[in-house]
Every structure is written in structure tokens, then in C-alpha cells.
Amino acid sequence: MNYRKLGRTNLNVSVIGLGGGALNPNKDPSLTLDEAKEIISYAVKNGVNFIDTGKEYDEEFISKAIGKEKLHIATKSEAKTKKEMNKDIKDSLEKLGVESIDIYQMHMVESLEDFNKRIENGVLDSLKEAKSKGLIKYIGIFSHKIEVLVEAIKTGYFDVVLVLYNVGHRKAEELFDYTKKYDVGVIVAAPFGGGILVDQKIEGISNPKAKDMVAENALSFILFNENISTIIPGSRTLKEVKENIDVENKNLNLSTEGVYEKVKDFLGEDFCRGCRYCEPCDVCESLPISEILKLKILYEKYDYRIRPKIEYLELKVNGDVCTQCGKCLSRCPYNIPISKLLLEAHKTLTITDSDLKEWALGEIIYCNMNELKQKFVDNYNLLFNNKIKIEKISYEILKIKKELVEKNNEIKDKIEMIKDRDEGLKNKDDNLRKLEIDLKN
């Protein structure tokens, strides 16, 4: 594992880190603590020394999963006021079970207005005071908007920036002159573009045209850039962690342009990078534009026929609310026809009855065979254990039945004894009567 200095901090961090968002039981209730421990333990043993988490990621769960492993920890808060940030820092310290947090970040600062408002409300003051007290070591910030990060860097108070950067979304390259000038560390999130840059084979099949859409290419593109200190891919499984670490171990030296051309050939020019510059929508603030367009890519480019439709169905707001006002178009740094794509996405992703039937069949056909085998074993063991329990119960029933028969026989014997005694008493009574009559005579 290679390590790079995180800006002006004294932290040397592994170039591959861990994104805590994937280890969040609030988002994925199926995630167990043992699974999270296994993922973190493997990562640490293979050189990973950095993890990024957040208040909404369940810091207490992350702390238990980390256990005694040695990791630099970054966390973050969306606090809007000094009072809220003071409380969040205190809560994070308690939940993470540490005396000091390596990096604490202002999170989801989505406009210059929002940034300035938080500064006015004392959020940065709270972080500076916590740093002076040793409660946190360094101050960071995350935003989807590069202009916000530039403004934050210029204040001189932010030691680290967390930014979206990948082979599809390269706007962060506008930031690197500033990070270099102010010696600010760069943490990269979403290296796989939220899933559009890697063929996840989520339905058990793979589009042959997606052969270049692999983690190796996506991570290599970022690692090639020396402005980056660490990447925090969200790894939900041990297999994903191994793949990410293996990429770094290969010391690949692919040119950035070579990888970009492969991505562009597959996805085309008009694909959503997930930068969220278009959001919020001017008409409907809750319209998840980037999420909808991502599902469109998964359906049309990767041939995931059912899952994107299921996820689209679960969205609270769909693309049909778009009024085609076109205001979002001017905000897109990649000039993609957002309004047009939203309507196309709605038409493509709206689920039908036949889709539901196909999905149900697909679950049967494409479900993992190991899972099927395990289910068979589990069910067999359950049946076997139940059989043993039934046999034990049957034995107990027979035992009780035998005892009841014996008791019944004892009762019958006693009844016969009572009858015999009654008969004897009757005979004695008859004899007494005869004796009494004889005496009278």
C-alpha cells in the first residue's frame, strides 16, 4: 500500500481508504456488525489506515466495527449553527469512543450562500474552538460545488477538502491549483460515479460492451493524479475491498486520457456525472435529477433490465414532474439536455406488470447459487433439527403414555382391592346379622 501526505496535516494516509457510507446499517439493514468488522479488519491488515464516516452513517456502529484497529478517522456534520456543531462534535466524540477526531468536516455545503450563512452562524468558529481544545485535529469541508470549496480554501482555515472526482466527472481539476497553493489535502469520494463507471453485474449478467467499465480503470485514473491524497470508495463487501486494494497493489500507470476515452466511448457524451450542479430543481426541490439519470444509464447502457425500474418506482418524486422550463440546463457544467433526458427516463423506467413478472422470474434464475446452496443447507439443518426435536417429543409422549398406562393399571388394581374389601365387609356384615338373629333366638 502506498501512502501520501494529506495536505498540511501531519497525516500520511493510504491512497485507498474506506467510505463509511457503505458501512451504514441505517441505509442497509442487512449489514451485520460482524461483516463490517471483517471488512475493516481485512482493509487494515492490507495497509488501509483511513476511514471517512458521518453522523448520518451511524458513528457508534462504525466505532464498534473498528474496535482496536488503528485508523485515521474523518467524520462530518450538516450543522447550520454554532450550537448545532458544538453538539454534533460532542456526540461524535462519544459515539466514536475517541478523545480526539482526526478530521471534522462541514458537510453538504451546497452553495456560496449556504457557506456564508454557516460562517455567519458560527459553524466554523465551533470547529476552530474544537481544534484549539484538541477535540479535533483538522478541519475539512465537503461540497458538490467547486466554487464553494475554492472559497473555503481561500479562508485559510480548512486543512482538507472532500470532493467528487472520477473519470466521468473531472470538474474538481479546477480545484487542484488552489489545493496545491494552500497545501490542502484532497480526499476523493464517488470514484465509481455512484455506480455508473463500473459494471456491477447486479442481475447476474454483463454487457460485453462494458468490458472496460471496471474498478481497475476507475481507480487507476484517480491514483494517476498526484493532487489526490486518498480515495474513499464505498465497499459493502469483502470482495469489493479486496478488488480496490488489488488495484493499488498493481501500481498501474494508465494515462488519464486513455481511461477517459474508454468511458466516453461506452457512455457517450450526454451522460449525467452526478455532480448535482443542476439541483435543486427550480420547480420541484425534491426532484432527484442525478439519481433518475443514473438509473437511466444503468438501464440503457448496462442492460440492467429490472432493478433500475424497481428503484425508480421507489423514488418519492419521478421525472414526469419536469415542466421543461430549462432553467437547470444553464447550471450543468457538461451541457447535457437534462429536461429531455428526464422525460425519456420516465418513459423508459416506468414499471409495468410484465416487468414485475420478469423481475420475479429473474430473481429465481439469477440469484447467487452459493446463496441457494446455503439456503438449502440452512433449511436441511432446520428440518433435521426439527426432526430431532419431534423425535424427542414423541419419545416423551410415549414415556408419558407408558406412565399413564401404568398409573391406570395401578388405579384398576386399587379399584379391585377396594371391591374385594367391600365384598369382604359385606360378607362380614351378613355374618353379623346372622349372629345377631341367632343370639335373639
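The values are calculated or read from the model by the stated rules, or taken from the named source; none is laboratory data. All of these numbers come straight from a predicted model, not from anything done at the bench. Every residue, glycine as well, gets a Cβ built from its backbone with ideal geometry; the counts of neighbours run over all protein chains shown.
The set of residues from region 110-134 being assigned to a loop (DSSP other than H, G, I, E, B), within 21 Å of Ala152 (Cα to Cα) and modelled with pLDDT of 95 or more comprises Asn121, Gly122. Only one residue in Val98, Val109 is among the β-branched types (Val, Ile, Thr), within 24 Å of the chain's Cα centre (by Cα) and surrounded by fewer than 19 Cβ atoms within 10 Å (Cβ to Cβ), so which one is that? When all the criteria are applied, what remains is Val98. The set of residues in region 256-300 that are surrounded by fewer than 17 Cβ atoms within 10 Å (Cβ to Cβ) and within 19 Å of Glu216 (Cα to Cα) comprises Thr256, Glu257, Gly258, Tyr260, Glu261, Lys264, Asp265. Answer yes if at least one residue in region 162-173 is out of contact with any helix residue (DSSP H, G or I) (no Cβ under 8 Å at 6 or more places or on another chain) and buried (at least 19 other Cβ atoms within 10 Å of the Cβ), and no otherwise. Taking every residue of region 162-173 in turn, at least one turns out to be out of contact with any helix residue (DSSP H, G or I) (no Cβ under 8 Å at 6 or more places or on another chain) and buried (at least 19 other Cβ atoms within 10 Å of the Cβ). Out of all the residues in region 174-191, is one or more surrounded by 22 or more Cβ atoms within 10 Å (Cβ to Cβ), modelled with pLDDT under 95 and not basic (Lys, Arg)? Yes, region 174-191 contains at least one residue that is surrounded by 22 or more Cβ atoms within 10 Å (Cβ to Cβ), modelled with pLDDT under 95 and not basic (Lys, Arg). Exactly one residue among Phe158, Phe142 is in contact (Cβ under 8 Å) with a residue 60 or more places away in the chain and within 11 Å of Tyr104 (Cα to Cα), and that residue is Phe142. Among the numbered conditions (1) buried (at least 16 other Cβ atoms within 10 Å of the Cβ); (2) not in a strand (DSSP E or B), the only one that Asn10 does not meet is (1). Is region 24-32 home to any residue that is touching a helix residue (DSSP H, G or I) at 6+ places or on another chain (Cβ under 6 Å) and either of a type in the set (A, V, I, L, M, F, W, C) or at pLDDT below 95 (or both)? Among the residues of region 24-32, at least one is touching a helix residue (DSSP H, G or I) at 6+ places or on another chain (Cβ under 6 Å) and either of a type in the set (A, V, I, L, M, F, W, C) or at pLDDT below 95 (or both), which makes the answer yes.
Check region 83-95 and report whether any residue there is in the same structural domain as Tyr182 (by TED's automatic domain parsing), under 25 Å from Leu238 (Cβ atoms) and in contact (Cβ under 8 Å) with a residue 40 or more places away in the chain. Looking for residues that are in the same structural domain as Tyr182 (by TED's automatic domain parsing), under 25 Å from Leu238 (Cβ atoms) and in contact (Cβ under 8 Å) with a residue 40 or more places away in the chain, one finds none in region 83-95, hence no. Quick check on region 284-293. Is at least one of its residues in a loop (DSSP other than H, G, I, E, B), out of contact with any helix residue (DSSP H, G or I) (no Cβ under 7 Å at 6 or more places or on another chain) and either small (Gly, Ala, Ser) or closer than 30 Å to Ser14 by Cα (or both)? Scanning region 284-293, I find at least one residue that is in a loop (DSSP other than H, G, I, E, B), out of contact with any helix residue (DSSP H, G or I) (no Cβ under 7 Å at 6 or more places or on another chain) and either small (Gly, Ala, Ser) or closer than 30 Å to Ser14 by Cα (or both), so the answer is yes. Residues considered: Ile139, Ile103. Of these, the only one that is over 28 Å from Val263 (Cβ atoms), at pLDDT 95 or above, touching a Leu at 6+ places or on another chain (Cβ under 6 Å) and part of a strand (DSSP E or B) is Ile139. When region 113-126 is limited to residues that are hydrophobic (A, V, I, L, M, F, W, C) and closer than 15 Å to Phe142 by Cβ, the one that is surrounded by the fewest Cβ atoms within 10 Å (Cβ to Cβ) turns out to be Leu124.
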